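Down below is the structure, laid out as C-alpha cells.
The values are calculated or read from the model by the stated rules, or taken from the named source; none is laboratory data. For clarity, every value in this text was computed on a predicted model and none was experimentally measured. All Cβ positions, even for glycine, are placed from backbone atoms using ideal geometry, and neighbour counts span all protein chains on display.
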Amino acid sequence: MSEWIHRVLAERFPTIESAVSEIAALKAQLVLPKGVIHVISDIHGEAKKLRHVINNASGRLRPLVEELFSEKLSDDEFREFLNVLYYPAEILQLKEDELKDDAARNAWVMKTLTRQFELIRVMIRERRRKTVKLLAPKEHRELFEVLLNYPAGGHASVFLEVQLEEMVRRRLAFSAIRSASRFIRNLTVEETIVAGDLGDRGPRLDRVVDYLQRQPNVSLIWGNHDVAWMGACLGNESLIALVLRISLRYRRLYQLEEGYGLLTKALELLAETAYADDPAEHFMSKREGERDPLLIARMHKAAAILEFKLEGQMIERHPEWQMDDRNLLRKIDFEQSTVDLGGEIHPLRDSFLPTIDPADPNRLSEEEQQCIDRLKESFTTSPRLWQHTKWMAERGCMAMVRDRAVIFHACLAVDEDGGYLPLEIDGEECRGPEQFEALNRLIKRAFRAGAQATEEDLDWFYYLWAGPKSPLFGKDRMATFETYFVADKSTHKETKNPWFRWIHDFGFCNRICKQMGVEEGGIIVNGHVPVRVEKGESPLKGGGNAVTIDGAFSEAYGDRGYTLILGPEGEVLAEHHAFPDPVAAVREGGDLIPKMTLLRGYERPRQVGDTEQGDGIRARIRALEELVEAYENGDLQEGGS
C-alpha cells in the first residue's frame, strides 16, 4: 500500500527538492495559530439572519477594523467601510446612484480597495500563501496580486490605476470590491460548522443552502429537521406529509413552490373535496398571507392526517421501535370522539375526520393515495431539492470533533443513571457514539442508492425525526397530534431524555468527550433546544464543559442566535439579537455588535499543531519523508518514473 501512496505523491512532488519544500512549509504551518472556526445551529430557514452572521464574521471583523482604522477614518467613513465589508451589495447599489461621473467613482474605488487590502495584508501574516491563493476569487486574481503588494510590490502606480480606470469605465470595478469583501470574510473564518436544522419554520430553506454553498469551507451536522427533508426527497411518504404540514403551519409555501418547484395542487384538491365544509379552526396558519387562509388551514389538516396515517403504518412495520403509543389513530374511539393517551381518555376537540375508516384508520383513502402519489413524484423528481439534500448528505454527518469541541445536534439517549440506551441499527446493538457511526453509514448509503434506497433505510429517516432514542430528537414523543386534537395542554408536554439533566454534570460530559477522542479539556456543543434566556437559562451548562447554541434564530421562537467561536485564544460565545435589514443598516449606518462571552481561555494560544488538523499535517509529513527516503534509496526515480 505504501508503494502506491508514494507513487501518487510522486505525481505532485516529483523531486526531492519539491517534497522537502512541502515538508518545510507543513512544519511551519504546525506552529501557526489555529484557524478560527465558527459553529452555528438551528438556522430554520432564516437566510437573511444567516447572511448577517456570516458577513460580519460573528463580530470578529469589527475589532480588527477598529485597530487599523479608528484613528485614520472619520465616524462616517468608518461606518461606511464596515458596511462595505458586511453588506457590499447594498452599499454598492447606493454608491451606484451617488457616484455619477467616472472620476469620482474611480477615486472611491481606489480608496476602498486600498483600505480593504491594508486589512487583508494584516490578516494573511499567519496564513500559508498557498491557502491565501485558494481563497482569493479567481476572476480578480491578477488585480488582487497587485493590490496585495501595493505600493511596495515593484509595480508602478500607473499599472494599478489604468486597470481600475478600465474597470470603472466598463462598470466592473464594484465587483472587485464585492470580491475583496468576500475574500476578507473567507480569511476571517477558516471553517463554518452548522450543527443542524437548516430549515423549517423560517422563510426559505433553499436560500439558506444556496448561501452556505457559496462559502469556502462549510461542514454540516444533521439535525432532525434536516433528515426530514432528506427523507422526503428520497420518497419517505410520512416525511413528505410532514414537510408540507410544517410549511403550511408557518405559511412558508414559497420555499416549496418557488424554491424547489414542488407542486402542491394535489393537496389543494384533497382539501377542497374531502375537507370542503371543514372550518379547520385548529389548523389556521401562524402567519398571514395572500392565499385564502381557510384553504391553507384545510390543506394543513389534510397534510396532518396523511402524516398520522403514514407514520402509523411505519410504526406497525417496526415493532422493535416500541412506538405503538404513537400509533394514535388506532387509539381513537370514533363513536365517542375520544382518544386514549396512555390510559387516559380525552375528548377530541376536532372530530371531523372524513378520510378515516374507523375499521382501518391508517389506511389511505383513494383520494389520499392519489394525492400522496402525486406529491411523492414531485418531491423525488425535483432537481433542485435533490441537489440541495444530496449536498447535505455529502457534507454532513452525525457528529464531529474540532480541536477540543465535540459537536452534535441533540443528544445521546441515556437512562436515569446516565447509561447509554441501546438502539439496534443494521442488526447491531449500538450504544452512545457507536450510533453516530452506524447512522452515518445508513444515511450516506441511502443517498448513494437514491431512488433505489430500501424502505428499511427510508424508515430510519422518520425514526431520526421523532424516535424516542433518536440522537437527533431526545424526547419521549413528538406531541403533534395532541397539539391539534386535544385541548388539555398537559398532553402537549414532551418529556426530555435524562441526557438534558446529565449534561450539567462535568464528569458525564468529560466521559462523552473522551469516548469521542478528546482526552483532555473537551466541551460538548449541541443545538436543538432553544436557550430561554428570558427565563434565566444559560447556554453554558452547570459543569462548564457543555454548551447549547440554539439561540432561537427562528421567528417562531425569538430573534436571537449564537455563534460559538473556536479561536486560538479560547472559546467565545457571540450572542446576536435584533437582526437588521441590510438596506436599513446601510442607510442608517448601524452595526449591531454581538454580545461576546468568554467561555474558556487558553493559557497560551493554540497552534495548528495542537489540533486534529495538526495530526493530519503530521501524517502528511511522514508520508512525504517516506517519499524522500524512497527517492534517496533509489526505490523511486525523481521525475516520476
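The residue of the range 597-641 that is surrounded by the fewest Cβ atoms within 10 Å (Cβ to Cβ), among those that are closer than 16 Å to residue 21 by Cα and modelled with pLDDT under 90, is 639. Among the residues making up the range 214-265, those that are more than 27 Å from residue 326 (Cα to Cα), of a type outside the set (Lys, Arg) and part of a helix (DSSP H, G or I) are 253, 254, 255, 256, 257, 258, 259, 260. The C-beta contact set for the range 64-92 (first residue over 24 Å from residue 173 (Cα atoms) and not assigned by TED's automatic domain parsing to the domain that holds residue 105, second residue of a type in the set (Asp, Glu) and surrounded by fewer than 16 Cβ atoms within 10 Å (Cβ to Cβ), distance under 7 angstrom, 6+ apart or interchain) is empty. A count restricted to the range 47-67 and to residues that are crowded, with 16+ Cβ neighbours inside 10 Å and either touching a Gly at 6+ places or on another chain (Cβ under 7 Å) or over 22 Å from residue 215 (Cβ atoms) (or both) stands at 2. Restricting 433, 422, 383 to residues that are within 30 Å of residue 571 (Cβ to Cβ) and either surrounded by fewer than 21 Cβ atoms within 10 Å (Cβ to Cβ) or of a type in the set (Asp, Glu) (or both) narrows the list to 433.
Residue 379 meets each of the listed conditions (1) in contact with a Gly (Cβ under 8 Å, 6 or more places away or on another chain); (2) over 19 Å from residue 503 (Cα atoms); (3) part of a loop (DSSP other than H, G, I, E, B) apart from (3). Filtering the range 312-366 to residues that are closer than 23 Å to residue 461 by Cβ and aromatic (Phe, Trp, Tyr) leaves only 321. If I filter the range 265-279 down to residues being without any contact (Cβ under 8 Å) to a residue 40 or more places away in the chain and surrounded by 17 or more Cβ atoms within 10 Å (Cβ to Cβ), which single residue comes out as farthest from the chain's Cα centre (by Cα)? Per the stated criteria, the residue is 271. Can you tell me which residues in the range 428-479 are assigned to a helix (DSSP H, G or I) and at positive phi? Matches in the range 428-479: 450 only. Beta carbons closer than 8 Å, at least 6 apart along the sequence or on distinct chains, pair a first residue in the range 593-613 that is among the β-branched types (Val, Ile, Thr) with a second that is in a loop (DSSP other than H, G, I, E, B) for 608/31; 608/32; 608/34; 608/35; 611/34; 611/403.
Within the range 163-177, the presence of a residue that is in contact with a helix residue (DSSP H, G or I) (Cβ under 6 Å, 6 or more places away or on another chain) and closer than 30 Å to residue 24 by Cα is excluded.
Only residues that are touching a residue at least 24 places away in the same chain (Cβ under 8 Å) and among the small types (Gly, Ala, Ser) were counted across the range 614-637, and they come to 3. Just name the residue that is farthest from residue 484 (Cα to Cα) out of those in the range 303-328 that are touching a Gly at 6+ places or on another chain (Cβ under 9 Å) and assigned to a helix (DSSP H, G or I). Going through the qualifying residues, I end up with 321.
Selection of the range 1-41 for residues being of a type in the set (A, V, I, L, M, F, W, C) and not in a helix (DSSP H, G or I) yields 1, 13, 31, 32, 36, 37, 39, 40.
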